[in-house]
Amino acid sequence: MIYLDYAATTPVGSNVLEKMRECLSVDGTYGNPSSPHSFGEKASIAIENAREQVASLIGASPKEIVFTSGATESNNLTLKGVFFGPIAGKHIITTEIEHKSILDTCSYLEKMGAEVTRLKPDSSGLIDLDELENSIREDTSLVSIIHVNNETGVIQDVEKIASIVKKKGCLLHVDAAQSIGKLSIDLSKIPIDLMSISAHKIYGPKGIGCLFVRKGLERNLQPQMHGGGQEGGLRSGTMPTHQIVGMGKALSLAQERMAEDHEMMSKLKEQLLAGLSGIQGMYENGSIERSVPNILNVSFDGIDAELLLHRLRNKIAISNGSACNSGAIEPSYVLRSMGLSEDRVYGAIRISMGRYTSNEDIDLAVHAICDIVANLRS
Ligand code: PMP
């Protein structure tokens, strides 16, 4: 079985796992990091070390990192935290191609009195920056934009977006769940206010992530989890040392390997595209030039993705979009919003590669897809 669904999640790297184990065993760092004794102190030191590793990857100060359970929670904390916080302005701008954790939270906030503008992308998956600028109103408190789309891999230009949004004086949040460790982002240079990160897309454990909160802004966020006051009161709950240490290690490895990973993914994507181009009526969904190299979204004329995935299921693990929405297989709202035809939307598959993907894996996947497409068409 070949795994080509790294955008859904990744395995935990062996050296990450080793670090996590040290925090769980009886001779390890298992103390409660808030405890006032040496066990607690040891855990707290491990957490602060991980905080530095995370901050270093994004050009932030460790004090600006708030650990959460993942990007879903970070997105919730951002949107609800700003809306229910002291900053005035009930208008939020986002896009139609965000992850559900943004879209559903926005719908919830609309019920609470928020006004939400959802920008549409063009057919290549990019947001129109003039439209963004023109949508900003006097009462806009927050703009929230996905950095790399989880279905298409298309990258929004967050640098330009930041300069537009900051000129107008509102807050900017970026969902970086799919870009972290894949694209370098230096928050000491780009004026992003809040940024959501997840560990499990980059060889860290599931159930851990963080929100970057620019210094001074913490006072403007209404906490969503109340209790022991951990994380400067922004996120109560006993801190999961093993998860945090795993995330720190995974992100520091990502920092070391970013150029190497990027080159490897680019070559794999080239190989994949060259192989699939042999199939007549193959369409690339989303701009290839403006996407991350680890994700490819394609459709084949006359082929239903559900059937294709069904035939592939004992050989190759790929997805028809975002894992969070499958189960009940729904056609992609991201591709629909890009204005693609219903055929292409229903035919779309997402292939995503990672550190453990080999050239042989890609060859086998290409052969299997070619065979099944030919078979389904006949
Ligand atoms: N945002 C994006 C763009 C994602 O791809 C995901 C994961 N599918 C999330 C948010 C949610 O992340 P998590 O699984 O850490 O809650």
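The values are calculated or read from the model by the stated rules, or taken from the named source; none is laboratory data. A quick note: this is a predicted structure, and the numbers were derived from the prediction, not measured. All Cβ positions, even for glycine, are placed from backbone atoms using ideal geometry, and neighbour counts span all protein chains on display.
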Yes or no: region 200-219 includes at least one residue that is over 20 Å from Ala177 (Cα atoms), buried (at least 16 other Cβ atoms within 10 Å of the Cβ) and of a type outside the set (Asp, Glu). yes
Counting just the residues of region 142-167 that are of a type in the set (Lys, Arg) and touching a helix residue (DSSP H, G or I) at 6+ places or on another chain (Cβ under 9 Å), which one comes out nearest to the ligand (Cβ to nearest atom)? Lys160
Kindly check whether there is at least one residue in region 249-262 that is assigned to a loop (DSSP other than H, G, I, E, B), within 17 Å of the chain's Cα centre (by Cα), touching a residue at least 24 places away in the same chain (Cβ under 8 Å) and surrounded by fewer than 23 Cβ atoms within 10 Å (Cβ to Cβ). no
When only residues in region 168-201 that are within 16 Å of the ligand (Cβ to nearest atom), assigned to a loop (DSSP other than H, G, I, E, B) and polar (S, T, N, Q) count, which is nearest to Leu335 (Cα to Cα)? Gln178
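Counting only residues that are modelled with pLDDT of 95 or more, in contact with an Asp or Glu (Cβ under 7 Å, 6 or more places away or on another chain) and away from the ligand (no atom under 16 Å from the Cβ), which one in region 59-91 is nearest to Asp27 (Cα to Cα)?
Result: Pro62.
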Of all residues making up region 122-150, the number that are buried (at least 18 other Cβ atoms within 10 Å of the Cβ) and small (Gly, Ala, Ser): 3
Quick test for you: out of Gly286, Gly302, Gly339, pick the one residue that is in a loop (DSSP other than H, G, I, E, B), surrounded by 22 or more Cβ atoms within 10 Å (Cβ to Cβ) and in the same structural domain as Met265 (by TED's automatic domain parsing). Gly286
Output yes when any residue across region 112-121 is exposed (fewer than 14 other Cβ atoms within 10 Å of the Cβ) and not in a loop (DSSP other than H, G, I, E, B), and no when none is. no
All positions within region 1-32 that are more than 16 Å from the ligand (Cβ to nearest atom) and among the charged types (D, E, K, R): Glu18, Lys19, Arg21, Glu22, Asp27
Condition first: over 20 Å from Met195 (Cα atoms) and either surrounded by 15 or more Cβ atoms within 10 Å (Cβ to Cβ) or among the basic types (Lys, Arg) (or both). Now tell me which residues in region 91-111 satisfy that. Lys111
